[in-house]
Number of protein chains: 2
Amino acid sequence: MSRERLIVIGGDAAGMTAASQARRGREDLEILAFEKGNHVSYAACGIPYYVGGLIDALPKLVIRTPEQFGAKQDIEVRIRQEVIAIRPDEARVVVRNLETGQEYEEPYDHLLITTGARPVRPDLPGVEAKGIYTVSTLDDAQALRQLMETERPTRVVIVGGGYIGVELTETFHRWDVDVSLVARAPSLMRSLDPDMGDKVAEALNEMGIHLYPGEAATGFEEDQGRVTAVVTSERTLPADLVIVATGVTPNSDLAREAGLPLGVKGAIKVDDHMRTPAAGIWAAGDCVETVQLATGQPYWTSLATIASKQGRVAGTNLTGGDMAYPGTFGTTITKAGPVEISHTGVSETDLQGTGIEFAVGKAEAQTATRYYPTVQPMTVKLIAEVGSGRLLGGQIVGGAGAAMRINVLATALQAGMTVDDVATLDLAYAPPFSMVWDPILLAARGLCRNC
Amino acid sequence: MSRERLIVIGGDAAGMTAASQARRGREDLEILAFEKGNHVSYAACGIPYYVGGLIDALPKLVIRTPEQFGAKQDIEVRIRQEVIAIRPDEARVVVRNLETGQEYEEPYDHLLITTGARPVRPDLPGVEAKGIYTVSTLDDAQALRQLMETERPTRVVIVGGGYIGVELTETFHRWDVDVSLVARAPSLMRSLDPDMGDKVAEALNEMGIHLYPGEAATGFEEDQGRVTAVVTSERTLPADLVIVATGVTPNSDLAREAGLPLGVKGAIKVDDHMRTPAAGIWAAGDCVETVQLATGQPYWTSLATIASKQGRVAGTNLTGGDMAYPGTFGTTITKAGPVEISHTGVSETDLQGTGIEFAVGKAEAQTATRYYPTVQPMTVKLIAEVGSGRLLGGQIVGGAGAAMRINVLATALQAGMTVDDVATLDLAYAPPFSMVWDPILLAARGLCRNC
């Protein structure tokens with residue numbers, strides 16, 4: 001080949017951000033991206049809203065099509081082409097054309113692995129029945145939306161009480177069907193501490209979602225190959241449609257088979273420049289391990305923000321730039337009906353057994369002044385290191401306007417602020433937006449030594 | 001007198017917060033507060049919403065009544081009693097009972113001046129006519145609400161394009177009357193730079209508010225003592241009701257007459273413990289000068305957050321505690337109809353002539369992902385010092401959900417962050433709440449050297 005070539009494996013946030021950034025860095029580079037699905041560069045986070053009918057057309061979730069990448073950026077995208085092996089010694093990848101089944105090889109000078117994460121499909125009796133879905137790709141989204149519009153299931157059971165499971169309660173609630181959620185853990189959302197997860201459960205209960213926390217799904221009943229019920233340790237829940245949202249895991253099989261080192265949860269190990277130890281091989285996004293900056297410990301999570309940033313860093317560095325991605329606080333936000341949920345840094349639960357001594361500050365407060373008509377309850381929970389007073393993490397659950405306050409805590413974490421610092425922040429107040437003492441200030445005041 | 005006595009002059013945010021804090025600090029202290037109006041401890045910031053009919057009853061704006069202060073905290077509050085002189089040499093104040101006209105003196109051991117700020121009533125022909133109001137006290141609020149309910153004016157003219165004038169456009173717009181706003185400056189909101197103020201004007205225009213920026217009011221026409229029009233340099237605007245909101249000024253007459261030193265805009269000079277140079281005399285809230293932490297320069301503004309915090313500091317220190325109020329970034333937020341507005345730190349305009357060299361980063365972005373149905377445009381403007389890259393200030397104008405992002409910038413300011421730091425913040429993303437790259441990150445990226 002005449003031009004130096006970058007091959008990207010996986011065409012979503014990390015991969016296509018990196019490809020675009022690499023094009024900015026080097027006009028002369030040949031850039032070739034393989035995607036096994038039908039779509040690249042799409043907003044996976046928008047899927048619950050599309051399935052819920054809040055977004056009318058699927059193409060709205062597509063940020064850029066393969067054709068646009070070709071025409072505008074000279075980036076070749078091959079969809080329905082799955083990379084099935086990496087051969088680091090030969091600097092080649094083996095690709096299978098999923099349309100024809102044909103296999104072929106392509107050489108690279110630079111290789112970027114952005115294979116993302118995939119939903120965990122638990123190995124339970126009946127899990128292969130029709131009517132049981134995971135929600136991860138635009139193809140899943142399209143199938144589910146069509147199902148809701150045509151077959152009109154009336155009883156939906158969601159298996160899994162994490163972010164995706166909780167978001168999907170709103171999705172199906174919008175269709176005015178009976179929605180149940182089964183979760184193995186006794187409280188919802190493992191990324192929150194149980195006291196905060198219970199607040200989410202309260203809000204979902206009020207929405208009319210039937211919650212069965214602390215009940216592991218043990219299997220699925222079916223009739224003529226179609227799911228008819230979810231069986232838990234406690235009961236049998238009739239279901240026309242089942243969503244399995246029991247978590248995601250890094251898609252690192254290719255990397256493992258190529259001999260690349262893996263870390264937390266099997267995620268690919270990279271340095272802060274998104275380099276793997278193998279010459280010319282980079283990795284970014286949901287398939288890589290990163291660092292939880294609150295503790296300095298290895299960490300893995302699946303977030304579009306991280307994928308985009310890491311993609312940008314990888315694309316910069318592999319074209320001769322120098323940019324670091326030191327890690328993340330894992331700042332996350334979502335909503336389900338009227339309840340907003342966010343967290344950053346580490347929780348009490350995360351810190352159990354780490355030897356880090358911590359204290360907790362909590363404010364049960366409001367999103368606005370008590371007399372303003374849109375006022376809603378909200379709770380802020382802060383975790384700080386005993387001794388230094390350094391903020392380690394925060395969690396927020398509350399009504400409209402509550403959760404975006406997490407960005408204040410993410411900023412305070414990055415600055416290495418103590419709770420004393422947080423307690424004296426000059427936060428904005430006006431009746432529609434906050435209390436005179438913002439709930440964050442109240443939570444911090446409960447922890448600080450001199451305020 | 002047998003007990004050591006604290007006298008508080010002025011019974012709103014700073015004064016009553018200080019009184020409460022002093023009671024926590026010392027059970028034995030006699031605490032006596034004088035208020036010349038009818039109410040203490042009320043939410044002045046709620047007045048526009050009460051007048052607009054969004055809050056049904058005036059008592060909702062009262063946080064605590066004089067009786068409650070007496071019964072619950074052993075704090076004596078005397079309303080309709082105006083302190084008309086301070087005699088520092090004798091440690092006494094002279095009080096006039098506004099009901100009887102009688103004057104009397106009271107001795108103090110500690111004196112706290114929390115006389116607040118008052119609206120500037122411009123000295124224009126006709127300004128004393130009936131139907132011309134300022135909006136500052138609960139009495140103003142009551143009068144205006146009653147007027148809207150009974151006399152039903154149909155043409156309201158607001159004179160003044162600052163925060164209060166802009167907030168009041170929404171207030172009267174709610175009554176479905178014809179609302180005009182006259183402002184001397186060519187762009188709205190002097191606390192914002194003109195480019196950002198113009199965005200506010202665009203939004204008000206869309207609401208149907210008639211804006212006349214760059215037109216100073218020169219007088220008022222009247223008929224039988226009642227206002228009938230506002231006269232500007234360009235036109236005569238018929239009016240049944242006129243609101244004068246041409247700014248506020250520190251209420252420091254008493255302090256000046258007592259020989260206390262004054263600073264910016266005539267505000268009382270205090271140290272970071274809220275002490276004046278006179279023995280036993282403290283001052284806090286809208287009547288005192290503070291420090292703009294972004295530049296270290298003396299600064300004055302009128303904000304409930306500052307008053308509450310300073311009151312807390314004064315109440316702590318005057319009972320033997322040790323707490324500092326080092327200054328403020330002047331973080332402010334408001335809304336008018338669909339547009340949200342906030343700022344923190346200093347603006348381009350503030351920096352003109354200071355010798356500080358600065359650069360501007362601006363992002364024209366959205367409050368949510370482009371496909372989410374509630375998405376609204378928003379603009380973030382950042383000001384940073386050239387060389388160091390240190391953030392100096394920020395301004396935000398946009399739709400619902402935009403303005404509270406100012407708290408991220410207030411936190412970044414307090415941490416002394418550079419724009420490079422801001423550009424790499426781990427801010428939250430989900431489709432209803434933000435773009436993958438939060439508008440703050442985009443604005444910072446435009447300024448930073450290596451991101």
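The values are calculated or read from the model by the stated rules, or taken from the named source; none is laboratory data. It should be emphasised that the depicted structure is a prediction, and the values quoted were computed from it without experimental measurement. Cβ placement follows ideal geometry from the backbone for every residue including glycine, while neighbour counts extend to all protein chains displayed. Just so you know, the surface numbers come from the protein's heavy atoms only, side chains and all, with ligands and any DNA or RNA stripped out. Shrake-Rupley method; radii C 1.70, N 1.55, O 1.52, S 1.80 Å.
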Along the stretch B:349-363, what does the Karplus equation 6.51 cos²θ - 1.76 cosθ + 1.60 (θ = phi - 60°) give for ³J(HN,Hα), rounded to whole Hz, x for Gly and Pro?
-> 4, 4, 8, 4, x, 8, x, 7, 8, 9, 10, 10, x, 9, 10
Nonlocal amide H pairs with residue A:241, under 5 Å, H built at 1.01 Å = A:155, A:157
Could you tell me the accessible area of residue B:257 in Å² (1.4 Å probe, neighbours in place), rounded to the nearest ten?
-> 130 Å²
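Please report the carbon-and-sulfur percent of the accessible area for the stretch A:1-78; probe 1.4 Å, protein heavy atoms only, DNA, RNA and ligands left out. Please list the in-between numbers first.
Working: 1500 of 3080 Å².
Using a 1.4 Å probe with all protein chains present, the stretch A:1-78 comes out at 49 percent carbon and sulfur.
Charges at C-beta only: +1 for Lys and Arg, -1 for Asp and Glu. How large is the resulting dipole of the stretch B:1-121 about its Cα centre, in Debye rounded to 20?
Details: 16 positive and 18 negative charges, 89 e Å.
Computed about the Cα centre, the dipole is about 420 debye.
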Once phi for every residue in the stretch B:279-287 is put through the Karplus expression 6.51 cos²θ - 1.76 cosθ + 1.60 (θ = phi - 60°), the whole-Hz ³J(HN,Hα) values, with Gly and Pro written as x, are 4, x, 10, 10, 8, 7, x, 4, 8
Inter-copy label distances at residue A:186 (7 Å, Cα→Cβ; nm, one decimal) = 6.8
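Can you compute the charge dipole magnitude of the stretch B:63-106 about its Cα centre, using +1 on each Lys and Arg Cβ and -1 on each Asp and Glu Cβ, nothing else charged? Give it in debye, rounded to the nearest 20.
On the way: 7 positive and 10 negative charges, 43 e Å.
It works out to roughly 200 debye.
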Quick one: accessible surface of residue A:110, probe radius 1.4 Å, all protein chains present, in square angstrom to the nearest 10.
-> 30 Å²
For the peptides A:74-87, A:176-189, what is the packing order when you average, over each peptide's residues, the other Cβ atoms within 10 Å and list the highest mean first?
-> A:176-189, A:74-87
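Tell me the per residue accessible area of the stretch A:4-79 using a 1.4 Å probe; a whole number in Å² is fine.
Values: 2800 Å² over 76 residues.
On a per-residue basis, 37 Å².
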Charge dipole (the stretch A:1-103, unit charges on Cβ, about Cα centre) - positive-most of A:70, A:40, A:13 | A:13
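Can you tell me the convex hull volume per residue for the protein assembly as shown, based on C-alpha atoms, in Å³ to the nearest whole number? Provide the component values of the computation, followed by the final result.
Working: hull volume 168.0 nm³, N = 902.
In the protein assembly as shown, the Cα hull volume divided by residue count equals 186 Å³.
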Please list, in chain and number order, the residues 5+ apart from residue B:83 or on another chain whose amide H is under 5 Å from its amide H, with Hs placed from the backbone.
-> B:96
Zone of residue A:354 (label point 7 Å along Cα→Cβ, backbone N under 17 Å): which residues in the stretch A:237-267?
-> A:264-265
If you keep only loop residues by DSSP, which GluC sites (Glu not before Pro) in the stretch A:123-161 have at most 13 other Cβ atoms within 10 Å of their Cβ?
-> A:128, A:151
Give the peptides B:346-353, A:36-43 in descending order of average Cβ contacts within 10 Å, highest first.
-> A:36-43, B:346-353
Chain A: antiparallel bridges as % of DSSP beta bridges, rounded to 5, reads 60 percent
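Once you have the Cα-Cα distance between residue A:376 and residue A:147, take 0.36 nm times their residue separation minus that, and quote the gain in nm to one decimal. Intermediate results must be reported in sequence, preceding the final value.
Numbers: separation 229, 0.36 × 229 = 82.44 nm, distance 3.50 nm.
Difference between extended and current length: 78.9 nm.
Find the relative contact order for chain A and round it to a whole percent, using C-alpha pairs within less than 8 Å whose residues are 6+ positions apart.
On the way: 1092 pairs, mean separation 60.9, N = 451.
Dividing the mean separation by the residue count of chain A yields 14 percent.
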Residue B:3 to residue A:176: FRET efficiency via 1/(1 + (r/R0)^6), r the Cβ-Cβ distance, R0 56 Å, to the nearest 0.05?
-> 0.25
Could you give, in nm with one decimal, how far residue B:322 is from each other copy of that position, shortest first, with labels 7 Å out from Cα toward Cβ?
-> 4.6
Using a 1.4 Å probe on protein heavy atoms, which residues of the stretch B:322-349 have at least 50 Å² less accessible area in the complex than alone?
-> B:333
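Taking only DSSP H segments of four or more residues, each worth -39500 (n - 2.57), what value at 222 nm results for chain B once the sum is divided by all its residues, to the nearest 500 deg cm²/dmol?
On the way: 12 runs with 108 residues, N = 451.
The per-residue figure over chain B is -7000 deg cm²/dmol.
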With +1 at each Lys and Arg Cβ and -1 at each Asp and Glu Cβ, the charge dipole magnitude of the protein assembly as shown around its Cα centre, to the nearest 20 debye, comes out at 280 debye
With a 1.4 Å probe and every protein chain kept in, tell me what percent of the accessible surface of the stretch A:129-171 is carbon plus sulfur.
-> 46 percent
Roll a 1.4 Å probe over the protein heavy atoms and report the accessible area of residue B:49 in Å², nearest 10.
-> 10 Å²
Whole-percent carbon and sulfur share, accessible surface of the stretch A:193-328, 1.4 Å | 47 percent
What nm distances, shortest first, do you get from the label point of residue A:57 to those in the other copies when the point sits 7 angstrom along Cα to Cβ?
-> 5.2
How well do other chains shield peptide A:369-376, expressed as the mean number of their Cβ atoms within 10 Å of each residue Cβ?
-> 5
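Order B:308, A:388 by their accessible area, 1.4 angstrom probe, all chains in place, largest first. Can you show the working numbers first?
Working: B:308 10, A:388 55 Å².
Descending accessible area places them as A:388, B:308.
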Shielding by partners for A:82-93, please: the mean number of other protein chain Cβ atoms within 10 Å of each residue's Cβ.
-> 0
Per the charge dipole of chain B (beta-carbon charges, Lys/Arg positive, Asp/Glu negative, Cα centre), the residue among B:429, B:122, B:181 reaching farthest to the positive end is B:429
Across B:432-440, the residue-averaged tally of Cβ atoms belonging to other chains within 10 Å stands at 5
Would you mind giving the total buried accessible surface between chains A and B, with a 1.4 Å probe and ligands, DNA and RNA left out, rounded to the nearest 100 Å²?
-> 5100 Å²
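Net charge around residue A:227, counting only other residues with Cβ within less than 11 Å of its Cβ (Lys, Arg = +1; Asp, Glu = -1)?
Values: positive: A:130, A:155, A:226; negative: A:128, A:221, A:222, A:223, A:240.
Local charge sum for residue A:227: -2.
Compute the accessible area per residue over the stretch A:307-401, keeping the other protein chains in place, probe 1.4 Å, unit Å².
Details: 2970 Å² over 95 residues.
Per residue, the stretch A:307-401 has an accessible area of 31 Å².
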Hey, can you find the accessible area per residue of the stretch B:197-249 for me, probe 1.4 Å, expressed in square angstrom?
-> 44 Å²
Percent antiparallel among DSSP beta bridges (both partners in the protein assembly as shown, rounded to 5) | 60 percent
